[in-house]
1. Suppose we keep just the alpha-carbon trace of the range 1-157; what are its Rg and Dmax in angstrom?
2. Relative contact order for the range 80-231 using alpha-carbon pairs under 8 Å, separation at least 6, rounded to a whole percent?
3. For the range 166-305, what number results from the quotient of the Cα radius of gyration and 2.2 N^0.38 Å?
4. Let me know the Rg and Dmax you get for the range 243-304 when you use only its Cα atoms, in Å.
5. Around Val61, which amide H atoms from residues at least 5 apart in sequence, or from another chain, sit under 5 Å from its own amide H, with H modelled in the peptide plane?
6. Check each of the trypsin sites (Lys or Arg not before Pro) in the range 182-283 and keep only those in coil by DSSP with at most 11 other C-beta atoms within 10 angstrom; list them in order.
7. Near Arg297, within a Cβ-to-Cβ distance under 9 Å, what is the net charge of the other residues, with Lys and Arg +1 and Asp and Glu -1?
8. Quick one: putting +1 on the C-beta of Lys and Arg, -1 on the C-beta of Asp and Glu, what dipole do you get for the range 1-137 around its Cα centre, in Debye to the nearest 20?
Amino acid sequence: MVRLGLVGIGKIARDQHVPALAKSADFELAATASRHGRVDGVEGHGSIAEMLAARPDIQAVSLCTPPDGRFEQAMAAIRAGKDLMLEKPPAATVSEVEALALEARRQGTVLFTTWHSREAAEVDAARDWLATRRIDAVRIRWMENIRQWHPGQDWILAAGGFGVFDPGINALSIATRILPEPLTVMDAELDVPSNRVSPIAALVRFRTGDAAGDVRLDFLQTGQQTWDIEVDTDAGMLRLGMGGSILELPGQPPVSGANEEYPRLYKRFAELVRTRQSDVDLRPLQFVADVFMIASRRLVASFDF
């Protein structure tokens, strides 16, 4: 088994990474690094530097800290010769990921920029069905309650925190996987709370091939949460619901599968480690970067958790 160090013991690590690692036949959770969090029964350190110094036997690192400030931690792992898996989004900027990929090649280490929503149960089936269809229009609706999914996480609305694009990039990771043609941002509108820096809602218009598409994101939706992608085609409408776990095709009953996103990510990481290959896909991050470059901004009511 590969000895792995987990860095950043926050909500996503506790909810997803730790349970996935506990079931993994490929990885042993050997140590953690976090300013505050710990995992019962696992050796804990206050920083990645401390962990790497104390445990040179660790072969791989999984990094779950917020994207702003992650670059230095990732670079430390790569320069220590560790294979590296990055929680989404992989870094605060496109240039940071490109620099990490270059350094990984220099050091001969594996770099895996993960997009967990691509591992949802029905994403691959949606991609296969769309591969031979003409795309006429795309609608993406990703609306959730920030207080439920990111309680007290002020960093997410700060500079470099991505705001509503932190969950929204999950939708974009699916869209860039299932749509046959690249996505090109045309225009965008961002709603930014008066006491914050990053958007709490957004509307983005894009094109994929000859088809028009739009993305509507909202961080203030209560009640039923919405994580849906609809694609109009020459064979009817495909609907991928609940974050990619439910697939509806024309004339067929809905199909759904179990949520195994993070176990599938770690299985993929193990495969990359064995074959000494990196997997670095910047398309979802590039889409968000393009949005921030051209979007108009509207100040809205202040927001507090």
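1. In Å, with Rg to one decimal and Dmax whole: 17.4, 56.
2. Numbers: 254 pairs, mean separation 42.6, N = 152.
Relative CO of the range 80-231 lands at 28 percent.
3. Details: Rg = 17.3 Å, N = 140, 2.2 N^0.38 = 14.4 Å.
Rg over 2.2 N^0.38 Å, computed on Cα atoms: 1.20.
4. In Å, with Rg to one decimal and Dmax whole: 19.0, 50.
5. When sequence neighbours closer than 5 places are left aside, the close amide H contacts are Gly5, Asp83, Leu84, Met85.
6. Values: sites: Arg196, Arg205, Arg207, Arg216, Arg239, Arg264, Lys267, Arg268, Arg274, Arg276; in loops: Arg196, Arg276.
Loop-located and lightly packed - Arg276.
7. Numbers: positive: Arg298; negative: Glu189, Asp191.
Local net charge: -1.
8. Values: 17 positive and 19 negative charges, 17 e Å.
Roughly 80 debye, rounded to the nearest 20.
Here, each number is a calculation from the coordinates, and none is a lab measurement. Since the structure is predicted, the reported quantities are computational estimates derived from the model, not experimental observations. So basically every Cβ, Gly included, is an ideal-geometry build from the backbone, and we count neighbours across all protein chains shown.
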